[in-house]
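The values are calculated or read from the model by the stated rules, or taken from the named source; none is laboratory data. Remember, predicted model here, so these are calculated numbers, not experimental data. Note that each Cβ is placed from the backbone with ideal geometry, even for glycine, and that neighbours are counted across all protein chains shown.
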Amino acid sequence: MAINLKYKRTCAVCGLEFMANQEQTKSCSSECRKKRTERFPSYDKLIPTGTAGAITELKIASDLMERRYSVFRAVSPSCFCDLIAIKNKTILNIECRTGYETMATNGVAFLKDTHGEIDCFAVYTHHNKKISYFKEDGKTIKRL
């Protein structure tokens, strides 16, 4: 018996809510998918997704080190978080994501699921080389 799961998604281009067959789907239609790839070309088609994820983690780790954090990276891909950053007595469990700037809201779209307890998401958008930090509920962290 096949199970046909549907995922409620918000289109990264037009902002329309839609049901997708795959969890990672970002666009509601072929027209929006074409607009997204024209405006925001990503490197995930040029290199393997695991490599793109590793690049994202290393760029975020570098940003945190520039902010004077001591940074530790998970060895296993199934750990509850990607990075642990420590500064003074503050310890942050960070989940890293490669994100996409949305045309609809001028925000950042990224997958918000986790493997466990995290303190924040760190999202790298390749097209503008920007790193943003978000609370677990998706709200932007102004100051890290």
| task | For Ile84, state whether it is under 23 Å from Ile55 (Cβ atoms), assigned by TED's automatic domain parsing to the domain that holds Glu57 and part of a strand (DSSP E or B). | result | yes
| message | Which count do you get for residues in the stretch 113-126 that are more than 17 Å from Ile84 (Cα to Cα) and surrounded by 13 or more Cβ atoms within 10 Å (Cβ to Cβ)? | response | 2
| said: Whether any residue in the stretch 117-126 is of a type in the set (Asp, Glu) and within 25 Å of Thr10 (Cα to Cα) is what I want to check. | reply: yes
| Right, Val123: outside the structural domain of Thr25 (by TED's automatic domain parsing), outside any loop (DSSP other than H, G, I, E, B) and farther than 30 Å from Lys34 by Cβ or not? | no
| message | If the requirement is being farther than 25 Å from Glu17 by Cα and polar (S, T, N, Q), which of these qualifies: Thr90, Thr114? | response | Thr90
| request: Run down Lys6, Lys45, Lys87, Lys59 and say which single residue is at pLDDT 80 or above and touching a helix residue (DSSP H, G or I) at 6+ places or on another chain (Cβ under 9 Å). | output: Lys87
| Candidates Leu92, Leu64, filtered to the one that is surrounded by 18 or more Cβ atoms within 10 Å (Cβ to Cβ), assigned to a helix (DSSP H, G or I) and either at pLDDT below 95 or not polar (S, T, N, Q) (or both) | Leu64
| message | Restricting to the stretch 108-144, give me the number of residues that are among the basic types (Lys, Arg) and modelled with pLDDT of 85 or more. | response | 3
| How many residues, within the stretch 115-144, are of a type in the set (S, T, N, Q) and over 11 Å from the mean Cα position of the chain (by Cα)? | 2
| message | I'm told Val71 meets every condition in (1) over 16 Å from the mean Cα position of the chain (by Cα); (2) within 18 Å of Glu136 (Cβ to Cβ) except one. Can you identify the failing condition by its number? | response | (2)
